[in-house]
Structures are given as C-alpha cells and as structure tokens.
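Visitor: Let me begin by handing over the structure; questions about it come next.
The values are calculated or read from the model by the stated rules, or taken from the named source; none is laboratory data. Only a predicted model underlies this, so the values are computations on that prediction, with no experimental measurement involved. Cβ: placed from backbone, ideal geometry, glycine included. Neighbour counts: every protein chain shown. We work out accessible area using only protein heavy atoms, side chains counted, and drop any ligands, DNA or RNA first. Shrake-Rupley method; radii C 1.70, N 1.55, O 1.52, S 1.80 Å.
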Amino acid sequence: MGGGGDGGSCDLLQLLFEGALAGGAAGVVVETALYPIDTIKTRLQAAQGGSKIQWKGLYAGLAGNIVGVLPYMQKTAGAIGGAASSLIRVPTEVVKQRIQMGQFKTAPDAVRLIVAKEGIKGLYAGYGSFLLRDLPFDAIQFCIYEQLRIGYRLTAKRELKDAENAIIGAFAGAITGALTTPLDVMKTRLMIQGQANQYRGFIDCAQTIMREEGAGAFLKGIEPRVLWIGIGGSIFFGVLEKTKSVLAQRNIRR
C-alpha cells in the first residue's frame, strides 16, 4: 500500500506541475498575443490634453516583460504571494511601460539608466498604486467568476462545459478590468513620470488628474484594458477549470 500511496502522490504532484506549466504557457501566449493592446492602453493612459499616441513599436519591451511576469502568472498564495511577487513585478512593469512610451530601447538600458539617474527607488515608482490595484484584483475577479458560474449552473441545471467556463472567465476579467481602470491609470502615470516628478504620490496624482483633466481621464485606456483582461481571463479560467477537472477525474479513478 505504501508504494501505491507514493505513486499516487507522485501522480498528483505531476498533475499540479503540469497545471502550473499549462497556466504559465497560457500566460505567455496571452501576454505575447495581446501585448500590442497593452502598449496602446499604456499610451492612451499616459496621454494628457490633446497629445497624440505613437502607433509604432507596439511590441517594445515584450521579452523583458515575459521574463518578469512568469513567476506572477503561476502565483497561488493570494495576497501574500502577490505582495512578494510585486518586488519583481513592479520593476518589470516600470521598465516595460517606460519602454512602451519610447523612453528607452531595451530593458538592460532602462534598468541601468533608471538606477543611475533615479536610484533603486526609480524601479519602484508607483509601487503603492500597483499594490492597491493588484491585491484586490484577484479577489474581485474570482468573486465575480464564481457568482456568474453559480448563477449559470443553477439556470442550466448541469455542470458547465469548458467553453462556458472560458466565456464566464472572459466576462469576469472584463468586468474586473473595467472596475480597476482608474487605479491602473494612476499606476501608469506614476510609473512613467521618471525625474519629472509631476505627481508626488498616489493622492496627489489623483487630485492632479481630476483638477487638470477631469473625471473622464480616470477611464483612459478602458477599452483595450477590458479587451486584454477579458481574453486573458477566458484563457486563465479555461485552463484552471480543465486542470481541476483532470485532477478530480484522477482522484475518482483511485
């Protein structure tokens, strides 16, 4: 029996590893396919007044961003894991967005010049706004997803199909993306300001945007953000439910 138990544990670990690998692979595919939408979103959010956005270089900064977000795509430890991963994720996001804005050509150049001119703290610009946006994000998204699934399942009176889970995941991602857009706008502004120091912090950023651009500025980039996170949510929750289903079937066979 001991051998069988060990074999079962190994199978379970293998499935968990495969699930994490699938999630990471799905994340890389999503990040690569939708990166131009993310770049457009960043540039829309950064635009002030009548300034026009740049349509070239929509894949600028992709390689460095994928390296930085891989651990984030596979995190499972909730808020604590999110806070810990932010130590890597925030500098990655700062570098990515400043490359997207055309301030630097490559990630190594961006890191070197930011540290040289602004110090290490330059890589953590917008850290507070990042946490304020991201820590509740998963909770909101999962809550919306589960409530939509429960309602749909009660109406359909059956278990949901893979495609249905993916569609519900897309809705959950899109709704969450829309709700958190104002926080994302402030995060973008704080991260890309560099030495300009136009904003002295999160509250000052919010007050300045409201005073100079009006409430509508907090929704800049909402369309590409909703599209980007909606598609990402579809793939993420589709992979998640498929992995859970495979694990459940494996346990039943035992």
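Visitor: Largest first, how would T32, T176 line up by accessible area (1.4 Å probe)?
Guide: Solvent-accessible surface, decreasing: T32, T176.
Visitor: Over all Cα pairs of segment 108-254, how is the pair count split among 5 Å bins, expressed in % and running from 0 up to the last occupied bin?
Guide: In order of increasing distance, the bins hold 2, 9, 14, 15, 14, 12, 11, 8, 6, 5, 3, 1, 0 percent.
Visitor: What FRET efficiency would be calculated for the residue pair Q103, A178, taking the C-beta separation as r and a Förster radius of 30 Å, to the nearest 0.05?
Guide: Details: r = 28 Å, r/R0 = 0.93.
Once the sixth-power term is evaluated, E becomes 0.60.
Visitor: Using 7 Å Cα-to-Cβ label points, what is the L87/A47 separation (nm, one decimal)?
Guide: 3.9 nm
Visitor: Please identify which residues in segment 99-127 have an amide N closer than 12 Å to a label point set 7 Å out from the Cα of Q195, following the Cα→Cβ vector.
Guide: Those under the cut-off are 113-119.
Visitor: Could you tell me the calculated FRET efficiency between I120 and L247, based on Cβ-Cβ distance and R0 = 51 angstrom, to the nearest 0.05?
Guide: So, using R0 = 51 Å, E works out to roughly 0.75.
Visitor: Could I ask something else about it? In whole Å, how far is the Cα centre of segment 178-194 from that of segment 121-167?
Guide: 20 Å
Visitor: So, one more: Can you figure out the FRET efficiency of R158 with V29, using R₀ = 25 Å and their beta-carbon distance, to the nearest 0.05?
Guide: Numbers: r = 30 Å, r/R0 = 1.19.
Between R158 and V29 the formula returns 0.25.
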